[in-house]
Amino acid sequence: MAVEKRIALLIDCDNVSHNSIEGVLEELAKYGMVNVRHAHGDWNNPSLSGWIERLHPFAIRPMQQFAYTKGKNATDSAMIIDAMDLLYSGNVDAFALMTSDSDFTPLVLRLLESGLPVYGFGEKKTPKPFVDACSPFIYTENLVVEDEGRQDKQGPTLRKSRKELRQDASLLRLLRTAVEQTSEDDGWADMSRVAHYISNNSSFSSINYGYKKLGDLIRATELFDVEMRKDGTAMYIKDGRK
């Protein structure tokens with residue numbers, strides 16, 4: 001029986017909305033158990049009132065960080081120290097960083113060097129260097145629970161149409177490369193291997209295109225042949241050009 005992956009979720013409450021926390025935890029449940037949930041911020045700041053309401057319902061531990069110096073982000077330093085302490089404790093197998101701040105990019109690279117995956121969650125304003133460093137990275141606007149009164153200015157990403165997907169050259173290059181690199185001699189590739197290749201080589205997430213599953217996105221492009229094998233439990237795909 002496979003051991004469930006232990007994930008440490010660190011939240012930068014200063015620059016990410018509280019509205020998507022439920023969706024973030026649901027997404028992380030696909031990868032393992034979030035046994036560490038730390039929310040960093042100055043809890044004396046009225047702007048974090050929305051986060052305060054989320055702490056107990058989602059078993060999140062508040063990590064107080066006073067703003068000792070004006071203009072300096074003490075929360076960033078506290079989160080980095082927290083992450084390194086957790087890394088050296090050996091009690092976690094992966095990290096999830098919920099932030100829209102590119103200053104955490106060096107931290108992501110350091111964690112990756114230690115062999116631990118880093119899942120990124122941030123708003124659409126998140127700078128590209130941080131997005132690219134994580135694997136995967138999901139925009140939190142896409143994870144907001146529908147019936148929740150959110151404050152986000154941008155709503156969830158609408159599902160991309162076949163035409164829009166086909167016009168995304170970088171997306172098609174990624175999908176075709178993944179299939180090519182994981183396929184057998186007959187050109188067919190196991191979907192699980194394709195997904196694993198993509199997660200190891202990019203920050204891609206199908207959720208950012210409006211699809212909950214990678215397989216649904218691939219079907220939507222209508223550029224790949226699809227077969228269900230092993231009594232319908234395994235999906236295999238092949239580049240439709242071959």
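Can you work out which of the residues in segment 187-201 that are surrounded by fewer than 18 Cβ atoms within 10 Å (Cβ to Cβ) and polar (S, T, N, Q) is modelled with the highest pLDDT?
S192
Checking the structure you have, find out if any residue of segment 86-93 is modelled with pLDDT of 95 or more and either touching a helix residue (DSSP H, G or I) at 6+ places or on another chain (Cβ under 9 Å) or not assigned by TED's automatic domain parsing to the domain that holds C134 (or both).
The answer is yes, given that some residue of segment 86-93 is modelled with pLDDT of 95 or more and either touching a helix residue (DSSP H, G or I) at 6+ places or on another chain (Cβ under 9 Å) or not assigned by TED's automatic domain parsing to the domain that holds C134 (or both).
So which of F224, F204 is outside the structural domain of P117 (by TED's automatic domain parsing), aromatic (F, W, Y), more than 30 Å from H18 (Cα to Cα) and modelled with pLDDT of 85 or more?
Numbers: F204 fails: more than 30 Å from H18 (Cα to Cα).
So the residue among F224, F204 that is outside the structural domain of P117 (by TED's automatic domain parsing), aromatic (F, W, Y), more than 30 Å from H18 (Cα to Cα) and modelled with pLDDT of 85 or more is F224.
Of the residues S49, S17, which is more than 14 Å from the chain's Cα centre (by Cα), buried (at least 20 other Cβ atoms within 10 Å of the Cβ) and not assigned by TED's automatic domain parsing to the domain that holds K212? Steps first, answer last, please.
Working: S49 fails: buried (at least 20 other Cβ atoms within 10 Å of the Cβ).
Exactly one residue qualifies, and that residue is S17.
Quick test for you: out of E184, E164, E141, pick the one residue that is assigned to a helix (DSSP H, G or I), more than 26 Å from L10 (Cβ to Cβ) and either touching a strand residue (DSSP E or B) at 6+ places or on another chain (Cβ under 8 Å) or at pLDDT 90 or above (or both). So that I can check it myself, show each step before the final result.
Numbers: E184 fails: assigned to a helix (DSSP H, G or I); E141 fails: more than 26 Å from L10 (Cβ to Cβ).
Answer to the check: E164.
Being in contact with a strand residue (DSSP E or B) (Cβ under 7 Å, 6 or more places away or on another chain) and surrounded by 13 or more Cβ atoms within 10 Å (Cβ to Cβ), is that true of even one residue in segment 206-213?
Of the residues in segment 206-213, the ones in contact with a strand residue (DSSP E or B) (Cβ under 7 Å, 6 or more places away or on another chain) are 207-208.
Right, trim to surrounded by 13 or more Cβ atoms within 10 Å (Cβ to Cβ) and you get 207-208.
Within segment 206-213, one or more residues are in contact with a strand residue (DSSP E or B) (Cβ under 7 Å, 6 or more places away or on another chain) and surrounded by 13 or more Cβ atoms within 10 Å (Cβ to Cβ).
Which residue pairs have Cβ atoms closer than 7 Å, lie 6 or more positions apart in sequence or on different chains, and pair a first residue in segment 169-182 that is in the same structural domain as S205 (by TED's automatic domain parsing) and in contact (Cβ under 8 Å) with a residue 24 or more places away in the chain with a second residue that is surrounded by 18 or more Cβ atoms within 10 Å (Cβ to Cβ) and part of a helix (DSSP H, G or I)?
L171/L165; L174/I198; L175/I218; V179/V194
Which condition from (1) under 21 Å from L111 (Cα atoms); (2) surrounded by 17 or more Cβ atoms within 10 Å (Cβ to Cβ) is the one that K5 breaks?
Only one criterion is unmet by K5, namely (2).
Let's see how each residue does on (1) more than 16 Å from L174 (Cβ to Cβ); (2) in a strand (DSSP E or B); (3) of a type in the set (F, W, Y):
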| position | (1), (2), (3) |
| --- | --- |
| S199 | no, no, no |
| I207 | no, no, no |
| Y211 | no, no, yes |
| G215 | no, no, no |
| V226 | yes, yes, no |
| G232 | yes, no, no |
| Y236 | yes, yes, yes |
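Quick one: is H56 in contact with a Gly (Cβ under 7 Å, 6 or more places away or on another chain), assigned by TED's automatic domain parsing to the domain that holds E123 and of a type outside the set (K, R)? Walk me through how you get there before you give the answer.
On the way: in contact with a Gly (Cβ under 7 Å, 6 or more places away or on another chain): no; assigned by TED's automatic domain parsing to the domain that holds E123: yes; of a type outside the set (K, R): yes.
No.
Could you please give the count of residues in segment 79-117 that are under 15 Å from the mean Cα position of the chain (by Cα) and of a type in the set (D, E, K, R)?
1
The values are calculated or read from the model by the stated rules, or taken from the named source; none is laboratory data. Values in this document were obtained by computation on a predicted structure and should not be read as measured data. Note: ideal-geometry Cβ built from the backbone for every residue, glycine included; neighbour counts use all protein chains shown.
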